[in-house]
1. From the set of residues in the range B:7-63 that are without any contact (Cβ under 8 Å) to a residue 40 or more places away in the chain and in a strand (DSSP E or B), which is nearest to B:G99 (Cα to Cα)?
2. Taking the residues in the range B:99-117 that are part of a loop (DSSP other than H, G, I, E, B) and of a type in the set (A, V, I, L, M) as candidates, determine which candidate is modelled with the highest pLDDT.
3. Every residue in the range A:145-161 that is among the polar types (S, T, N, Q) and either modelled with pLDDT under 90 or not assigned by TED's automatic domain parsing to the domain that holds A:I202 (or both), please.
4. Count, please, the residues in the range B:170-184 that happen to be touching a Ser or Thr at 6+ places or on another chain (Cβ under 9 Å) and of a type outside the set (D, E, K, R).
5. Can you list residue pairs whose Cβ atoms sit under 6 Å apart, with the first residue in the range A:41-66 being of a type in the set (K, R) and the second being modelled with pLDDT of 80 or more? Count only pairs 6 or more apart in sequence or on different chains.
6. Taking the range B:93-129 as the region of interest, how many residues are more than 15 Å from A:L8 (Cβ to Cβ) and without any contact (Cβ under 8 Å) to a residue 12 or more places away in the chain?
7. Taking the criterion of being at pLDDT below 90, over 26 Å from A:I28 (Cβ atoms) and among the acidic types (D, E), would at least one residue in the range A:396-406 satisfy it?
8. Criterion first (of a type outside the set (V, I, T), part of a helix (DSSP H, G or I) and within 30 Å of B:D88 (Cα to Cα)) does A:A288 satisfy it?
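The values are calculated or read from the model by the stated rules, or taken from the named source; none is laboratory data. Only a predicted model underlies this, so the values are computations on that prediction, with no experimental measurement involved. Cβ sites come from the backbone with ideal geometry, for glycine too, and all protein chains shown count toward neighbours.
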Amino acid sequence: MMFWNALLLAIREIRRNLMRASLTVLGIVIGVAAVITMVTLGNGATEMITAQVSSLGSNLVIVRPGQRMTPGQPAGWAPAFKEDDVGAILEGVNGVRAVAPVASRGSTVSYMTESVFTPVTGTSPAYQEVGNWKLAEGRFFYDSEQRAGRAVCVLGQTVKKSLFSNTSPLGEKIRFRGISCEVVGVLLSKGQSAMGQDQDDIILLPLKAYQRRVAGRRSRQDVGTLMISVRDDVRTDKVVKDVTALMRERRSLAPNESDNFSVFDTKQIAETLSSTTRILTALLGAVAAVSLLVGGIGIMNIMLVSVTERTREIGTRLAIGALENEVLLQFLVEAVALSSFGGLLGILLALLASAGLAAAMGLPLVLDLQIVLLAFCVSASIGVLFGFVPARRAARLDPIEALRHE
Amino acid sequence: MLKRAGMTEAATALIELREVTKTYGSGVAAFQALKGVSFAIQAGEFVAVMGPSGSGKSTVMNILGCLDVPTAGEYLFLGEHVETLNRDQRALLRRHYLGFVFQGFNLLARTTALENVELPLLYRGMAVAERHAKARAALDLVGLIGWEHHTPAELSGGQQQRVAIARAIVTNPTLLLADEPTGNLDTERSEEIMALLTGLNREHGITVLMVTHEAQMARHASRTVHFVDGLVHSDTRADEVPA
C-alpha cells in the first residue's frame, strides 16, 4: 500500500513537471539508447561475419603452399600442390568428405561485345560440395567432363550479370585466353566474403581444361589450393593435424624443417573474426554505459534541486503525518520512475536507431533481448543509486524548518 | 501506540502542558523561548493564542502540533506523554489526531484542490473511492464544491485557505491547529475564514487552537491565552469578559 501511494505521488509529481522530467531523463535516454544500439549493431556485424565465413562452407580446411600467416613476412617460394595430392588426402586422412583442388588465374573473359576481368578457376566437381554452392540455373560440370578436360564452365552471379545481364547464359560460349567455353550453369549468389571479396566474381571450369589451356606453361601441373570439406562428426583440428603430417611426408620435409604450406580451417577464422567484433562491441557498449552513468548524475542533480525547491511541500507532508520512510520512498520512487521512464524512452529510441543504422550499414538486425532488459534494469537501479541521497535529504528535513522555508 | 481510551475519561483534558520549557541553542547562546508554561485545553474549545513576536507562541504551537518536543516538562495529548515519543510516533499522532492550517496555505502547486485535500487520506492508506468521497465532503463543508479540479494558482487567497482547511479537517481531527490562518488575507476574507472555523468548532465539535496577533480574529475564540516573554500572561474565557 505504502509503495503504491509513493508511486501515485511520484507519478503526480512527474506529471506536474513533465517538461523538466523529460529533460532530466535525457541523459538516461541517450545512455540506454547508445548501449542497446551499439550492442545490437555489434551483434549484427558479428553475425554477418559468421554467416559470411560459414558461406565459404562449414567445416572447411584450406591448404595453401607457403607460410602466409604472418603479415609482413615475404611468402617465399614454396612448391605448389599436384592433382594427386587430392587422392592422397582422401585416402590418407580420416573424416574427409571431399577434397577440391583449386587453381586460379585472372583472365579477361568476353562474350559478344562485353568483357570482364575475373579469376578463372580450375577445379573438380567436389568444389560444389566443399564450397557449399547452390545453383541458380543449369548444372555443375560432371566428373566425366573433368576427366576429359572439356571446355565447359559455371559462372558466378557477378560474372553472369556483367556478361549476360538478365538473359540466360546456358549453352552460350564465352571466350578467355584463346579458348571458347560453353556455359553449363550459374551459381547462386553468396555475396561478400568475410575479407570483403566478392565471392560471386568467379568462373569455374574442369581442372584438366584449366591446366591444359589457361595455366601458363610453367605452372601447367600446379594446384594452388586444396579445399577440404570435413565430415560434421569429425573435429576439424584433428583433420588439420593429419593433413599437416601427410603433406610434410609427401613434400619430403625433414623433421627440423618448418612447413612450406599452411593449413587453416574456416571455423578458426570465424572464431577469430567474431571474437574481434565481440571485443569491439563490448568496448563500444562500455563507452555507452559511461553516458548512462552521467545520465544518473543528471537525475541526482535535478532531484537535489527538486528537494530544495519543494522544501515547504515536504514540510507540509511531514506536518500532515508523513513518516520519514514514506517521504524517502516517495522521492526514491520518483527517481526510479524517472530513470525507468528514461530507460523505456531509450529502448524505443534504440529500436528506431538500430533498425535505421542496421539498414543503412547493410547489417542484419540482431536484437538481444537480454541487453534490452539489462539496460532497462540498469537505468532503474541508477534511479535507486542516485535518488537515494536526495531522498534521504528530503526525509530528514526538520518539519518546522521546512515549513518556514521560503 | 496511542489509545483512544483517554478520550472517554471526562476528567482528562484533551491536551495539557505541564511546566513546559523550551531552550534553543546551548551555553551562552542559549535562548529560552518557553519558561515554564502550563495550561490545558478541553475538547470542544476554540482557543486563540496571542502575544507579540518572540513571546513563545510559535514555539508552543510547534510543541502542541507535535512537530517539536519540550526541553523539559510534560505534554499530554489524550493522556499520552508526547515528550517521550520519537519522530515517527509523533508523525503518526499528527496523522491520526491533528489537522494543520498555515498562514501561507502550503498547498501543493499544480495540484488540484481535490488532490490537495486527499493528501492526508493518502497517508492513511484509504481506498480511492472513499478518499474521493471524503475529500469532496470536506470541500463541500468549506463551500468549494465545483472547484475540485482547480489548482491553487486558479484560486483566490481566501479559496486557497478554504482548501487548506478542508485538507486539515478531511481526516476528522481531534484538534485543528491554525497558525495565523488569516495572516495573508484581507479583512473580508479573514472574516469568512473565521466564520468557517467558528462554524467547524460549534457545529462539528472540532477543537480549534489558533495562533494570531490580531485581536479582531481572537475575538471569535471562546478563550484567549496571552503569551509574554515565554510565559502565559493571561488566560481569559470569552464569557468572563464583558463585551
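1. By that ranking, first place goes to B:A40.
2. Looking at residues that are part of a loop (DSSP other than H, G, I, E, B) and of a type in the set (A, V, I, L, M), I get B:L107.
3. Step one: list which residues in the range A:145-161 are among the polar types (S, T, N, Q), which gives A:146, A:157-158.
The one that is among the polar types (S, T, N, Q) and either modelled with pLDDT under 90 or not assigned by TED's automatic domain parsing to the domain that holds A:I202 (or both): A:Q146.
4. Just the residues of the range B:170-184 that are touching a Ser or Thr at 6+ places or on another chain (Cβ under 9 Å), to begin with: B:173-176, B:178-183.
Applying the additional criterion that residues be of a type outside the set (D, E, K, R) yields B:173-176, B:178, B:181-183.
Result for the range B:170-184: 8.
5. Sorted first by the residue in the range A:41-66, then by its partner, the pairs are A:R64/A:T225; A:R64/A:S262.
6. 0
7. Yes, the conditions are met somewhere in the range A:396-406.
8. Spelling it out, it is not the case that A:A288 is of a type outside the set (V, I, T), part of a helix (DSSP H, G or I) and within 30 Å of B:D88 (Cα to Cα).
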